[in-house]
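Each remark here refers to the structure printed beneath this line.
Taken together, the values in this text are just the output of simple stated rules run on the coordinates, not laboratory data. This one's a predicted model, so the numbers in the text were calculated from it and none came from an experiment. Heads up, the Cβs are rebuilt from the backbone with ideal geometry, glycines too, and the neighbour counts pull from every protein chain shown.
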Amino acid sequence: MRPGAVIGLLLAALVVPAARTEPMPFPVDVQVPLLLKILTYDRLFEAKARSALTIGVVFVAADPESVQAKDDILRALQAMSDRTIKNVPIKGLALEYRDAVSLEKTVRTNSINVLYIAPGNAAVLSPLLRLSHTRGITTATGVPEYVQKGVAIGIGIRPDRKPDILINLPSSRQEGSEFDASLLRIATVVK
């Protein structure tokens, strides 16, 4: 083997592949209508939503997959802007995660009542969940592993490749949600 080829192989072995953003098993056009329907099963929805359902989409600007998920979610919410849920209008807002303090200020200023946590936020789940639990903000995601780590609502995938509603019961309660038993019977509940 030529010396150049050996060096190339050694360099290739040393290169660590870039960490991939956490996968979402379903595209946004499947997730958004399902997540909005799930919210209607929260007995405290009207009290939490008040005059508008304002969904803040938390993303990481340095992560292209996170940015793409944010763009897709906002596009899907915009397409549904003429609809309401229990007579409450739906709005979406991009929330770039920089730090917990600025995010909390933005959440408070914009009356955010749902945080959709896009892929790429694994490293900041703890401060996001602290904020949601403190302020009574429902968390949702298309990343199943985030539900295992404390996000209240998620969309996973069943063995038959159909969507699986994921509910983290302790987190949803800490966020001030009370989901109807009929939803919990068909969901995968994390305790």
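Just to verify a number: FRET efficiency for ARG50 and ARG161, C-beta to C-beta distance, R0 = 25 Å, to 0.05?
Numbers: r = 38 Å, r/R0 = 1.50.
Calculated transfer efficiency: 0.10.
Apply the Karplus curve 6.51 cos²θ - 1.76 cosθ + 1.60, θ = phi - 60°, to the phi angles in region 34-49 and return the couplings in whole Hz, x for Gly and Pro.
3J(HN,Hα) across region 34-49, in whole Hz: 5, 4, 5, 5, 4, 4, 5, 8, 7, 4, 9, 4, 4, 5, 6, 7.
Please identify every one of the trypsin sites (Lys or Arg not before Pro) in region 88-190 that sits in a loop by DSSP and has no more than 11 other beta carbons within 10 Å of its own beta carbon.
Sites meeting the loop and neighbour criteria: ARG161.
Skipping prolines and chain starts, which residues have an amide H placed within reach, meaning under 5 Å, of the one on VAL190, given they are 5 or more residues away or on another chain?
Long-range HN contacts for VAL190: ILE167, ASN168, LEU169.
Which percent, to the nearest 5, of DSSP beta bridges fully inside the chain are antiparallel? Present the calculation step by step, with values, prior to reporting the outcome.
Details: 8 of 27 bridges.
In the chain, approximately 30 percent of DSSP beta bridges are antiparallel ones.
5 Å is the cut-off here: which amide hydrogens, built 1.01 Å from N in the peptide plane, fall below it relative to ILE157, excluding neighbours closer than 5 in sequence?
Here ASP164 satisfy the definition.
Which of ILE137, LEU93, PHE26 sits closest to the plus end of the dipole of the chain, meaning its Cα is farthest towards the positive end, when Lys and Arg get +1 and Asp and Glu get -1 on the C-beta?
ILE137
So if I place +1 on the C-beta of Lys and Arg and -1 on the C-beta of Asp and Glu, and nothing else carries charge, what would the dipole magnitude of region 28-95 be about its Cα centre? I want it in debye, nearest 20. Let's see the in-between values first.
Values: 9 positive and 8 negative charges, 85 e Å.
The dipole of region 28-95 has a size of about 400 debye.
Nearest 20 debye, what's the magnitude of the dipole of region 36-191 about its Cα centre given +1 on Lys and Arg Cβ and -1 on Asp and Glu Cβ?
Values: 21 positive and 16 negative charges, 80 e Å.
It comes to approximately 380 debye.
Test of understanding: what is the full-extension gain from THR109 to LYS86, defined as 0.36 nm times their sequence separation minus their Cα-Cα distance? Write down the numbers at each step before the final one.
Details: separation 23, 0.36 × 23 = 8.28 nm, distance 2.36 nm.
In short, 5.9 nm is gained.
What is the helix-to-structure angle for 64-79, meaning the angle in degrees between its Cα long axis and the longest Cα principal axis of the chain, kept from 0 to 90 and rounded to the nearest 10?
Orientation of helix 64-79: about 30 degrees from the principal axis.
Which net charge results for the neighbourhood of GLN174, defined as the other residues with beta-carbon distances under 15 angstrom from its beta-carbon, given Lys and Arg at +1 and Asp and Glu at -1? Working shown, then result.
Working: positive: LYS48, ARG130, ARG135, LYS149, ARG173, LYS191; negative: ASP42, GLU175, GLU178.
Counting the neighbours of GLN174, the net charge comes to +3.
For semi-axes √(5λ) of the Cα gyration tensor in Å, one of (i) 38, 21, 14; (ii) 32, 21, 15; (iii) 34, 19, 16 was computed from the structure I shared and the rest are decoys. Which label?
(iii)
Excluding residues on the same chain fewer than 8 positions from LYS48, give the lysines whose Cα lies under 29 Å from its Cα.
Straight-line reach from LYS48, under 29 Å: LYS37, LYS70, LYS86, LYS91, LYS105, LYS149, LYS191.
Once you put a point 7 Å from the Cα of ALA123 and another 7 Å from the Cα of ASP71, both along the Cβ direction, what distance in nm separates them?
Result for the modelled spin labels: 2.2 nm.
Of ILE112, VAL189, LEU35, which is farthest towards the positive pole of the chain's charge dipole, taken about the Cα centre with +1 and -1 on the beta-carbons of Lys, Arg and Asp, Glu respectively?
Checking the options against the dipole of the chain, the answer is VAL189.
Pop the C-beta distance of ALA62 and THR188 into the FRET formula with R0 = 25 Å and round what comes out to the nearest 0.05. Intermediate values should be presented prior to the final figure.
Working: r = 32 Å, r/R0 = 1.26.
It comes to 0.20.
Compute, for region 83-156, the length of the dipole vector about the Cα centre, with Cβ point charges of +1 (Lys, Arg) and -1 (Asp, Glu) only. Units Debye, rounded to 20. Could you put the intermediate results ahead of the total?
On the way: 9 positive and 4 negative charges, 59 e Å.
The dipole magnitude comes to about 280 debye.
On a full-extension model of 0.36 nm per residue, what is the gain between LEU169 and ARG135, subtracting their alpha-carbon distance, rounded to one decimal in nm?
On the way: separation 34, 0.36 × 34 = 12.24 nm, distance 1.71 nm.
The LEU169-ARG135 span can extend by a further 10.5 nm.
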